[in-house]
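Peer 1: Attaching a single structure in C-alpha cells format; questions to follow.
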Amino acid sequence: MNMVQALNNAMDIKLADDKSVVMFGEDVGVEGGVFRVTEGLQKKYGVERVFDSPLAESAIVGTGLGMAVSGLRPVVELQFDGFTYPAFNQIISNVSRMHNRTRGKFRVPMVIRFPYGGGINAIEHHSESPEALFAHIPGIKVIAPSTPYDAKGLLISAIESEDPIIFMEPKRIYRAIKQEVPEEKYSIPIGKAKVLKEGFDVTVISFGALIRECQKAIDMAEASGISVELIDLRTIYPIDRETITESIKKTGRVVIVAEAPQSFSVGSELMAIANEEAFLSLEAPPKRVMGFDTIVPLAQGEKHFMVSPDRIFYEIEKTAKY
C-alpha cells in the first residue's frame with residue numbers, strides 16, 4: 001500500500017469495528033477528500049457516518065468536539081495545513097482543555113487529520129509545517145508518520161485514543177512510497193520513536209517526509225565512512241525523550257532535520273533535550289537542518305526553501321568531523 005491506501009484502510013477498519021466512529025470534513029464524503037484519502041468510505045458506510053461539511057474549519061472542529069463529548073469518536077479532516085489556523089481557537093480554547101476543564105468528567109476521543117508540508121509546488125497556505133504550534137498546546141497529542149505501515153498503525157491508535165489527536169499526514173509522500181502493509185487491524189503505540197537504522201558516529205532525528213531525504217543523505221555519509229543512527233520521531237508530542245537521549249549518549253553527536261522554520265521549532269525542543277539529558281556525552285554542538293524563518297515560497301522558489309539531502313549530508317559530515 002501507499003500512504004493514502006494505508007490511511008484509508010485504517011479508517012475503513014475502524015468504521016467497521018466501532019459504530020461510534022464518524023468522519024467528516026470538506027469534500028470528505030462524495031469526493032473522498034482532496035487527496036482521496038477517504039475515497040469509497042461514504043458509499044460503504046453511508047452519509048450518516050461519512051459526510052461533507054461546510055467550508056468552515058472552526059465549525060468542523062467545534063462540531064467534532066461536541067460529538068466527542070457526547071459519546072462519538074469523530075475523525076475530522078481539515079483540507080490543508082494552512083487551513084488549520086481558522087480552527088485554532090477551537091483547538092486551543094476548547095478541544096485541548098475540555099478534559100481538564102471538567103475535572104475529568106469528559107474525554108475528547110477525537111482525531112483532527114490534515115495533510116502538511118511542502119514539496120508539491122502549491123499556492124500559499126498549502127505547504128505549511130505547523131507541528132510546533134500544536135505540540136506547544138497542553139492537552140493534545142501530535143502525530144506525523146513517515147511510512148504507510150506506520151500511518152495505518154498510528155491512525156488506528158489515534159482513533160482508539162481517549163485524547164484529542166492532531167494527525168499530520170506528509171502530503172509529499174502520500175503516493176511516493178509503497179510497502180507491505182497488513183490488511184488486518186494492528187496498532188502502533190503513540191509516543192514511541194523508532195530507530196530506523198543503528199549507527200555510532202552521529203544521531204539524525206527527523207519525521208514525516210524528511211525521513212526519505214535523511215536516508216539519502218545517510219547513504220552519502222556512509223559512503224564517506226560516517227556511521228549514522230536514524231531516529232523517526234513518529235509522535236511529536238508526547239516526545240520520546242528516552243530513545244532520543246540513549247542514542248545521543250551513544251553517538252555523542254546529533255543532527256536534527258525538519259521542514260518548518262527553524263526558530264522556536266520542534267528542532268529547538270530536540271536541541272534542549274540533547275543539552276538537558278546528554279550534555280556530558282556531547283562531542284559536538286547539536287545542529288538543526290530546517291526551513292528558513294520565512295513564509296514557504298511559491299512554486300518557483302520552493303526548492304530553495306526545502307531541506308535537501310545535500311544540506312543534511314553537509315551538516316552530518318561537519319558534525320562528525322567537529
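Peer 1: Using θ = phi - 60° and the Karplus form 6.51 cos²θ - 1.76 cosθ + 1.60, what ³J(HN,Hα) does each residue of the range 179-195 get, whole Hz, x for Gly and Pro?
Peer 2: These are the phi-based 3J(HN,Hα) values: 8, 5, 10, x, 6, 6, 6, 8, 9, 10, x, 6, x, 10, 6, 10, 7 Hz.
Peer 1: How much length would be gained if the chain were fully extended between PHE279 and LYS249, taking 0.36 nm per residue of separation minus their Cα-Cα distance, in nm to one decimal?
Peer 2: Fully extending the segment from PHE279 to LYS249 adds 10.0 nm.
Peer 1: For the range 3-173, what proportion of DSSP beta bridges, expressed in % and rounded to the nearest 5, is antiparallel?
Peer 2: Counting only bridges with both partners in the range 3-173, antiparallel ones make up about 0 percent.
Peer 1: In addition: May I ask you to order 107-118, 267-278 by the average number of other C-beta atoms within 10 Å around their residues, highest value first?
Peer 2: 107-118, 267-278
Peer 1: Report ³J(HN,Hα) in whole Hz for each residue of the range 129-137, in order, from the Karplus equation J = 6.51 cos²θ - 1.76 cosθ + 1.60 where θ = phi - 60°; Gly and Pro get x.
Peer 2: 10, x, 4, 5, 4, 6, 5, 7, 8
Peer 1: List every residue whose amide H lies under 5 Å from the amide H of ILE256, counting only residues 5 or more places away in sequence or on a different chain, with H placed 1.01 Å from N in the peptide plane.
Peer 2: ILE205, LYS287, ARG288, VAL289
Peer 1: Using a 7 Å offset from the Cα along the Cα-to-Cβ direction at both ASP310 and VAL30, what is the distance between the two label points in nm, to one decimal?
Peer 2: 4.7 nm
Peer 1: With θ taken as phi - 60° and the coefficients 6.51, -1.76 and 1.60, list the Karplus ³J(HN,Hα) couplings across the range 69-86 in order, rounded to whole Hz; mark glycine and proline as x.
Peer 2: Ordered by residue, 3J(HN,Hα) equals 6, 9, x, 8, 10, x, 10, 9, 10, 9, 5, 9, 3, x, 8, 6, 5, x Hz.
Peer 1: Need one number: nm distance between label points at LYS178 and VAL47, each 7 Å from Cα along Cα→Cβ, rounded to one decimal.
Peer 2: Here the modelled spin labels are 3.5 nm apart.
Peer 1: Beta carbons within 10 angstrom, averaged per residue: use that to sort the peptides 258-265, 121-128, highest first.
Peer 2: Working: 258-265: 20.1, 121-128: 17.6.
In decreasing order of mean packing, 258-265, 121-128 become 258-265, 121-128.
Peer 1: Can you compute the helix-only [θ] at 222 nm over the chain? Use -39500 (n - 2.57) per DSSP H run of at least 4 residues, normalise by all residues, nearest 500 deg cm²/dmol.
Peer 2: After summing the helix terms and dividing by the residues of the chain, the value is -10500 deg cm²/dmol.
Peer 1: Give the aspartates and glutamates whose C-alpha is closer than 15 Å to that of LYS43, dropping any in the same chain fewer than 8 places away, or say none.
Peer 2: Output for LYS43: ASP12, ASP27, GLU31, ASP52.
Peer 1: Follow-up question, since we're still on this one. Show which lysines lie in cross-link reach of LYS44 when reach means a straight Cα distance below 27 angstrom and same-chain residues fewer than eight apart are skipped.
Peer 2: Candidates past the 8-residue exclusion: LYS14, LYS19, LYS152, LYS171, LYS178, LYS185.
Peer 1: Ranking request for peptides 207-220, 300-313: highest mean number of other beta-carbon atoms within 10 Å first, then the rest in descending order.
Peer 2: My ranking of the peptides, most packed first, is 207-220, 300-313.
Every number in this text was worked out from the coordinates using simple rules, so none of it is lab data. Since this is a predicted model, take the numbers as computed values, not measurements. All Cβ positions, glycine included, derive from the backbone under ideal geometry; neighbour counts span all protein chains shown.
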